[in-house]
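What follows is a set of notes on a single structure, which appears directly below.
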Amino acid sequence: MFAAWRESLPGARKYLPAARDYFAASLWRRVGLRITETVKLDIRDWRPDLGEVGKLHVRFGKGSRGRGPKPRLVPAINSVDILINWWLTDVRHQFGDDWSDLDAPLLPSERRDTHTGRNRRAGDDTLRNGLTAAVQAFLPSWSGRITPHVLRHFCASHFYEQGMDLKAIQEVLGHEWLSTTTQYIHVHADHIERAWATANQRVAGRLGPRGG
């Protein structure tokens, strides 16, 4: 679906909103951001100077038990660094001249704020509707079933299948408890068999070829 969505962008009737909605959904799919975290990102929250591939500063992460926002740094793994570079280099400046304002929203709407001169922030309903339209267009059999939260689950499951440990997945998703992260992991029916085969391959690799 995402490959077809990306290929359709140049011919979209309204290119900028289409590209923005694709960018947002790709963040949900690739690093499991919450939609509420995504809409509050500013341009300054992209920190390419941190880590090997850069990090997103999620300043408004979900806190627990009413303690307020819980910020975290999310590494731009899973090609998120390439995604953000595309967004900032090819797209974001077309929304308006606030592209160089570090306090401007990373995901803007097409409307301007008369008080600040910046673009307004795209709302969660707008981004959610963008995903809904893309699913209807490119994966209609899943219409009504793919949501931002489902993509967050997909991200967690993908990381787990790729061998990332649960603690690391917990930190990326911003969960307070590891037990919450385990509920996000969905595996294929042959997961046990594949895990057993992988483990045996690792053991064989450590032992190396046996002498005669």
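Read the figures in this text as sums done on the coordinates, not as results from a lab. Because the structure is a prediction, the values reported are computed rather than measured. With ideal geometry, Cβ positions are generated from the backbone for all residues, glycine too; neighbour counts draw on all protein chains shown.
For the reader, a short list of remarks on this structure follows.
- Over the stretch 1-117, relative contact order from alpha-carbon pairs under 8 Å, at least 6 apart, %: 26 percent
- Rounded to 10°, Cα long-axis angle of helix 124-138 versus longest principal axis of the chain: 60 degrees
- The stretch 2-206: relative contact order in percent, alpha carbon pairs under 8 Å with at least 6 residues between: 22 percent
- Stretching the chain fully between Thr132 and Ser8 yields a gain of 43.1 nm (0.36 nm per residue, less the alpha carbon separation).
- Extended-chain gain in nm, criterion 0.36 nm per residue less alpha-carbon gap, Arg145 and Asn85: 18.6 nm
- Distance between the pseudo-spin-label points of Glu176 and Gln162 (7 Å out from Cα toward the beta carbon): 2.8 nm.
- Helix 191-207 and the long axis of the chain differ in direction by around 60°, with both axes built from C-alpha atoms.
- Structural size metrics of the stretch 36-143, computed from C-alpha coordinates, are Rg and Dmax of 15.3, 44 Å.
- Here the average projected area of the convex hull drawn through the C-alpha atoms of the stretch 2-206 stands at 14.0 nm².
- P(r) weight above 19 Å for the stretch 1-92, C-alpha pairs, percent: 41 percent
- Computed from Cα positions, the angle between helix 15-31 and the longest principal axis of the chain comes to roughly 30 degrees.
- About the Cα centre, charge dipole magnitude for the chain (Lys/Arg +1, Asp/Glu -1 at Cβ), debye: 420 debye
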